[in-house]
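The values are calculated or read from the model by the stated rules, or taken from the named source; none is laboratory data. Because the structure is predicted, anything quoted here is derived from the model rather than measured. All Cβ positions, even for glycine, are placed from backbone atoms using ideal geometry, and neighbour counts span all protein chains on display.
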Amino acid sequence: MTNRRRNLFILLFIAGLIAASAFVVATKPTKLGLDLKGGTSLVFQAKPTKQSQVTADSVERTIEIMRDRIDKFGVAEPEIQRTGTDQIDVSLPGVENADQARNQVGKTAQMYFYDYEPNVLGPGCKPDPTNQSVTGGPSAGNGTGALSQYDAVRRASTCKPTNTGKETTRGAYYLVNTKTEKVLAGPAETRADLTAEVEASKDKTVAEGPDTEVVKIPQGTVVVAAEGSGGNPAGRYYVLKDQPALGGLDIKNPEQNFDSGPGGTGAPNVTFDFTDKGKKAWQETTREIAQRGQENFFGGSANNAFQHFAIVLDDEIISAPYIDFQQNPDGIDAANGSEISGGFTIKSAQNLANLLKTGALPIRLELISSSQVSATLGKQALDQGLIAGIAGLILVSLFLLLFYRVLGVVAVGALAVYSLFMFAMIKLIPITMTLPGIAGLILTIGVAADANIVIFERVKEEVRAGRSIPVAISQGYKKGLTAIVDANVVTFMVAFILFILATAGVKGFAFTLGIGVIVSFLTAVLLTQAVLGALGRTRVMGHPSALGAQSTRQRFRWDYMGRSKTFFALSGLILAIGALAIGNKGLNLGIDFTSGSRVVAELNQSATESEIRDTLTPLGLRKAKIQRISGAEFRSNEAFQISTETLEPAERGQVEQALNKEFGGGTYSFQTIGPTFGNTVAKGAIIAIIASLIVISSYIALRFEWKFAVPVLIAVVHDLLITAGVYALFGFEVTTATVAALLTILGYSLYDTIIVFDRVRENIPRMPRAAFSQILNRSMSEVLMRSLATSFSTLLPILALLFFGGETLKDFAFALAIGVLSGTYSSIFIATPVLMHWKEAEPVWRKRRARVALANAGEVPAYVTAAGGAATEVDIDEAKKPRRRLTAPDDPNMTVGREEFQELVGDLGLEDEAKQAPTATAEPDEPEPGSGADLRPEDLVMKDEPKTPKPKRARNRRHGR
Amino acid sequence: MAILAWVTMGIAIWHFAIYVPDRYWGGIVGSFVFAAFFSVLFGFALTGFTIPPQDDVTLLTALEGIPGALIGLGLSYFIGVRKGNVAVHV
């Protein structure tokens, strides 16, 4: 295929994609994350139960049930996904009551029916069905005859374990205070779970001490709360023999209804049918209950003789109806189903019906993180993100136009196409857009522009070297592609690792970054190449000034390597200050790592930090960290961030109420992170950083050589530590977004270093007489402009994020800005000098350096100088051309002949050495004084050097003719 | 946090190793590894091989990284000299 046809094909292909993208953008909706449209996000950790272990299957089943529940609650576009092995992330757009959401979605909903009287255990762990002081008699289940929680736990702990196969638990652990006779924590399935619960508690009285005791209730006995006592330690509790007659799986079709039968109260209730197995068990159980009532009836009011069954949901009796033995002497016919009534509102009856409908969760769920964003704040954050994106695009476009003229116009066009493609991809996949996702998108604008800058600078170099514009364009793309591929692969790998290991919030960022890298390659390389290929011979591109390459630029020749000591010292000082700041102030770790609650409150009336503290002090939050925050997403300047220890849902309500009362209302968003989640985030961050370093250094070692990978790692460590030092110095909060920023810095720092090292790799075989420091100086002077331009183009969208991105993205953008600046600096002044010091110590380079010094009065000049007009560079392209064999070797044992070797030496500009080294087998490690034979021909070839093309054989034309 | 302070200080000190003729074992990279490793090791030794809780990290903690880094650099240099490394004057 000719170039013209190829360009035409690419342009048509891209035009087709543009049309398809425009269609997708026009027809598909954009999926917004909770932080952009408001809602509740919950993260649960799965815990095993007696019936089920935490396995991939049980977690998947749980997710299915949760999805069913959410559908029934009518939440639009919920997202439920598994994170790691045992965590479930639930996003509920539009739901602003985190507590209600937690109850609706994460409730285990284990329901059991107990034949009540024979299973209530009295003193000595013995059932006493006729003793009303144990069962409560006609008031069964509502607290009469029940015990305090402490006494109930104590009584239950004395019972003997059973193993009939009907038990619902393996037993339970409680922490009790023997002095105050209170239950401090529990029930927990295991001792370890109890310890974790105690450690996670913010209540300081909940801790193991001299007055506390861990009490174990054996399998076969349960402590259940009386009706209306659930979750209240001061409530009343019964001890039951854990032998339920039916379980939640034995019922079907639960519905919210009204008690509208004869004599009905019209109150809301829950009706249900039984499964075939349930019908049988129900009939038998109610028959037994009725018969027992009949046996206990000795005249008088039958009410006193009625026996009950108890419906227990998640360790609380929710209803304990009696069986009228006079009406149902043979039990209740299960064909008509049954009902649960008493104390329901319509909403609570609907909730219970829905819970029963979807079934119990196979595993227990513990809420480890919750956050809630108001719709108003979400909308404002979205507006800010979009403004930042547009500002970033405009800034980068202006820079490209000013710097690259016609090339800039092509690049801006490519950026516009890139933006369209990305938008279409986001809608098509669909990617849920979150605030970090928008940040990733904006950052990829800079990355897309970087690819163009790398190529355009190369094209300009070729033009200045005297090549025609079409040839310069062709060569620019050819030579610039390697660096772009390497840099994009590295960025993609970082995005991939981040996506695999990061928490849900950062995943969006990683995904858009990864997709952006792929799409940018399509638009910034393929599209621009096709456009420029088509324009190359037109008048538009007729003059070098159209490319911004009108004059031969005098390269900025600076002794980068010679001055590296000064910059090393500067970096050392900056790091020392950073270390002192880390020691003195430490990193301000956010609640993502330390656990706790964060409230963002935008108040209607003016307030100060101390006034807010005074308001919160009565709620026990005197030590809360309160700071005024600003940002365009807030309507007023009265926005505050309040960081506290973990707040329970009820406490969150109290905070909101207190602030509303004092400051005339406001808008609130809450976030609560449990310690488990904090540990997961911290562990994930460390693993992500280490994994990135390993994978990327392996890639660089493979593409360059392993000695190039180590300085890259040192430079990356340098950038990360400087960023950490700056964070400590200014006290910025470290959040999960910061971790994402750090990993991006890691990728970006490598991008810059790769551009420098790529040129070094190219120059090594070109400069066979130069010392390594001279090669580096030369490479640096060639790519400095490229490096600065790419950094600047990446910095522009980051600055847009910093100034327009709102409060949430400000810290993220700040970390990125520091990292990009540090990355550029370290590529030039850390990675390259380290490489120089390390390589110069190699014998081959040491000897070459000695030879250069000898020829220059003991000094190694910063740059290679041609003496007497002798060539200092080798045209590698020319040298690589296949050539005929001149002679047969003189000695059959030699690989090349004398004349052949002489010609090779001449090509490489090593005539002097040829006199000293008559054959190719001369030992280069021990050169004669003044000899330049310091490298063998194979030493001049880097790993990725293309192999010498095989000479074409005459085609066998007999075939196929 | 203490480890971060020690290693940052150790690497900060390493930056000045460039002023000494490079006879380090493993060259400049060897000196980097020695400085970083010994700054942490020395810090640990000072705290009785425990990681100080975050509240106990002070300005002094960062300074504790200095002797370790210097010991590491010295050791790397000593081994280099013993192994006959010749200084590269860059």
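Which one is modelled with the lowest pLDDT among residues in the range A:46-58 that are of a type outside the set (Ser, Thr, Tyr) and surrounded by fewer than 22 Cβ atoms within 10 Å (Cβ to Cβ)?
First, pick out the residues of the range A:46-58 that are of a type outside the set (Ser, Thr, Tyr): A:46-48, A:50-51, A:53-54, A:56-57.
Of the ones still in play, those that are also surrounded by fewer than 22 Cβ atoms within 10 Å (Cβ to Cβ) are A:47-48, A:50-51, A:53-54, A:56-57.
Working: A:LYS47: 80, A:PRO48: 77, A:LYS50: 65, A:GLN51: 62, A:GLN53: 76, A:VAL54: 80, A:ALA56: 80, A:ASP57: 78.
Looking at the filtered set, the residue picked out is A:GLN51.
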Pairs please, first residue from the range A:835-848 and more than 9 Å from chain B (Cβ to nearest Cβ), second anywhere and crowded, with 24+ Cβ neighbours inside 10 Å and outside any helix (DSSP H, G or I), Cβ atoms under 6 Å, 6+ apart in sequence or on different chains. A:ARG848/A:ALA771
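Out of A:ASP758, A:ASP719, I need the residue that is closer than 30 Å to A:GLY385 by Cα and either among the acidic types (Asp, Glu) or outside any helix (DSSP H, G or I) (or both). Which one?
On the way: A:ASP758 fails: closer than 30 Å to A:GLY385 by Cα.
Checking each option against the conditions leaves just A:ASP719.
Return the residue satisfying two criteria in turn: it lies in the range A:695-714 and is closer than 28 Å to A:ASN679 by Cα and at pLDDT below 85, and of such residues it is farthest from the other protein chains (Cβ to nearest Cβ).
If we filter the range A:695-714 for residues that are closer than 28 Å to A:ASN679 by Cα, which is where we start, we get A:695-697, A:713-714.
Narrowing the set further to residues that are at pLDDT below 85 leaves A:695-697.
On the way: A:VAL695: 20, A:ILE696: 17, A:SER697: 12 Å.
My answer is A:VAL695.
Would you check if A:LYS683 is among the charged types (D, E, K, R), part of a helix (DSSP H, G or I) and at pLDDT 80 or above? Step through it out loud before you land on a result.
Working: among the charged types (D, E, K, R): yes; part of a helix (DSSP H, G or I): yes; at pLDDT 80 or above: no.
Spelling it out, it is not the case that A:LYS683 is among the charged types (D, E, K, R), part of a helix (DSSP H, G or I) and at pLDDT 80 or above.
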Looking only at residues in the range B:45-76 that are more than 14 Å from chain A (Cβ to nearest Cβ) and either aliphatic (A, V, I, L, M) or in contact (Cβ under 8 Å) with a residue 12 or more places away in the chain (or both), which one is surrounded by the fewest Cβ atoms within 10 Å (Cβ to Cβ)? B:ALA45
Just to be sure, is A:LEU746 at negative phi and modelled with pLDDT under 85? yes
Residue match in the range B:34-42 (condition: within 16 Å of the chain's Cα centre (by Cα), within 13 Å of chain A (Cβ to nearest Cβ) and of a type in the set (S, T, N, Q)): yes
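Filter the range A:573-595 for residues that are aliphatic (A, V, I, L, M), part of a helix (DSSP H, G or I) and either more than 20 Å from the chain's Cα centre (by Cα) or facing chain B (nearest Cβ under 8 Å) (or both) and give the result. First the steps, then the outcome.
In the first step, residues of the range A:573-595 are kept if they are aliphatic (A, V, I, L, M); the result is A:573-577, A:579-582, A:587, A:589, A:591.
The next check asks that each one be part of a helix (DSSP H, G or I); those that pass are A:573-577, A:579-582, A:591.
A:LEU573, A:ILE574, A:LEU575, A:ALA576, A:ILE577, A:ALA579, A:LEU580, A:ALA581, A:ILE582, listed by residue number.
Might you check whether a residue that is over 30 Å from A:ILE346 (Cβ atoms), at pLDDT below 80 and in a helix (DSSP H, G or I) occurs anywhere in the range A:289-299? Even if it seems obvious, please write down each step before you answer.
As a first pass, look at the range A:289-299 and keep what is over 30 Å from A:ILE346 (Cβ atoms): A:290-299.
Narrowing the set further to residues that are at pLDDT below 80 leaves A:296-299.
Then drop every residue that is not in a helix (DSSP H, G or I), which leaves A:296.
For the range A:289-299, residues over 30 Å from A:ILE346 (Cβ atoms), at pLDDT below 80 and in a helix (DSSP H, G or I): present.
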Scan (1) assigned to a strand (DSSP E or B); (2) within 14 Å of another protein chain (Cβ to nearest Cβ); (3) not hydrophobic (A, V, I, L, M, F, W, C) for the single condition A:GLY562 breaks and write down its number. (1)
Residue satisfying all of: in the range A:720-743; away from chain B (no Cβ under 12 Å) and aromatic (Phe, Trp, Tyr); surrounded by the most Cβ atoms within 10 Å (Cβ to Cβ) among these: A:PHE732
Looking at (1) modelled with pLDDT under 80; (2) within 30 Å of A:LEU522 (Cα to Cα); (3) crowded, with 17+ Cβ neighbours inside 10 Å, which is the only condition A:ASN3 fails? (3)
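Please tell me if A:VAL717 is of a type outside the set (Ser, Thr, Tyr), within 12 Å of another protein chain (Cβ to nearest Cβ), free of Cβ contacts under 8 Å to residues at least 40 places away in the same chain and within 26 Å of B:GLY30 (Cβ to Cβ).
Working: of a type outside the set (Ser, Thr, Tyr): yes; within 12 Å of another protein chain (Cβ to nearest Cβ): yes; free of Cβ contacts under 8 Å to residues at least 40 places away in the same chain: yes; within 26 Å of B:GLY30 (Cβ to Cβ): yes.
Judged against the criteria, A:VAL717 is a match.
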Just need a number here: residues in the range A:554-587 that are farther than 21 Å from A:ILE714 by Cβ and of a type in the set (A, V, I, L, M, F, W, C). 5
For the range B:2-23, which residues satisfy the criterion of being within 9 Å of chain A (Cβ to nearest Cβ) and either under 14 Å from A:GLU840 (Cβ atoms) or surrounded by fewer than 21 Cβ atoms within 10 Å (Cβ to Cβ) (or both)? B:PHE16, B:ILE18, B:TYR19, B:ASP22
